[in-house]
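Report on the following structure.
The values are calculated or read from the model by the stated rules, or taken from the named source; none is laboratory data. Bear in mind the structure is a predicted one, so any value in this text is a computation, not a measurement. Positions of Cβ are generated from backbone atoms using ideal geometry, with glycine treated the same way; all protein chains shown enter the neighbour counts. With ligands, DNA and RNA removed, areas are computed over all heavy atoms of the protein, side chains included. Shrake-Rupley method; radii C 1.70, N 1.55, O 1.52, S 1.80 Å.
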Amino acid sequence: QVQLVESGGGLVQPGGSLRLSCVASGSSAIIYRMGWYRQAPGKQRELVATCTSGGSTNYADSVKGRFAISRDNGKNTVYLRMNSLKPEDTAVYYCYAEIRNFGYWGQGTQVTVSS
């Protein structure tokens with residue numbers, strides 16, 4: 001049973017920074033893609049950033065230049081460094097992992113950007 005456990009969310013002021021972490025467990029298979037999605041109240045879940053096992057990254061336009069995704073393949077862990085946070089970044093952030101063409105989701109971690 002694949003499990004994804006996120007950590008690092010919280011309350012931060014506009015302009016501040018946070019780092020999210022997600023650890024995957026329960027599978028010995030290669031995790032092809034890991035990443036982050038987010039869902040704000042009343043909105044659909046949307047891509048934030050993903051990273052393949054080979055290091056290729058993809059970002060939503062709204063976070064380019066502010067967020068950085070990275071992976072530690074040996075630890076099955078993905079990170080999201082979020083800088084220059086804005087109130088519109090407020091959402092529940094979900095970790096995502098793609099293993100053998102199947103997607104898995106974490107339970108989510110709340111990020112709130114407010115003064």
* Asked: Of all residues in the range 86-104, how many are over 18 Å from Gly54 (Cβ atoms) and either hydrophobic (A, V, I, L, M, F, W, C) or not in a strand (DSSP E or B) (or both)?
  -> 9
* Asked: Hey, does the range 52-69 have a residue that's modelled with pLDDT under 95 and within 17 Å of Asp89 (Cα to Cα)?
  -> no
* Asked: Can you name the number of the only condition in (1) closer than 17 Å to Thr52 by Cβ; (2) open to solvent by 20 Å² or more (accessible area, probe 1.4 Å) that Ile31 fails?
  -> (2)
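Quick check on my filter: what residues within the range 34-50 are part of a strand (DSSP E or B) and open to solvent by 20 Å² or more (accessible area, probe 1.4 Å)?
Tyr37, Gln39, Glu46, Leu47
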* Structure fact -> Residues in the range 73-107 that are open to solvent by 50 Å² or more (accessible area, probe 1.4 Å) and more than 14 Å from Trp36 (Cα to Cα) total 11
* Could you look through the range 1-16, keep only residues that are more than 11 Å from Gly108 (Cα to Cα) and open to solvent by less than 30 Å² (accessible area, probe 1.4 Å), and pick out the one that is modelled with the lowest pLDDT? => Val2
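Would the range 15-31 turn up any residue that is free of Cβ contacts under 8 Å to residues at least 60 places away in the same chain, part of a loop (DSSP other than H, G, I, E, B) and aliphatic (A, V, I, L, M)? Show your work before the answer.
Here is the first cut: in the range 15-31, the ones free of Cβ contacts under 8 Å to residues at least 60 places away in the same chain are 21, 23, 25-26, 28.
With part of a loop (DSSP other than H, G, I, E, B) added as a condition, the list becomes 26, 28.
This time we only want the ones that are aliphatic (A, V, I, L, M), so: none.
Taking every residue of the range 15-31 in turn, none turns out to be free of Cβ contacts under 8 Å to residues at least 60 places away in the same chain, part of a loop (DSSP other than H, G, I, E, B) and aliphatic (A, V, I, L, M).
Provide a single number: the residues in the range 72-85 that are assigned to a strand (DSSP E or B) and either more than 15 Å from Ala49 (Cα to Cα) or touching a His at 6+ places or on another chain (Cβ under 8 Å) (or both).
Restricting attention to the range 72-85, the residues satisfying the condition of being assigned to a strand (DSSP E or B) are 72, 77-82.
Checking the rest, the ones that are also either more than 15 Å from Ala49 (Cα to Cα) or touching a His at 6+ places or on another chain (Cβ under 8 Å) (or both) come to 72.
The number of residues fulfilling the criteria is 1.
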* To do: Kindly provide the set of residues from the range 56-67 that are in a strand (DSSP E or B) and surrounded by fewer than 17 Cβ atoms within 10 Å (Cβ to Cβ), ordered by number.
  => Thr57, Asn58
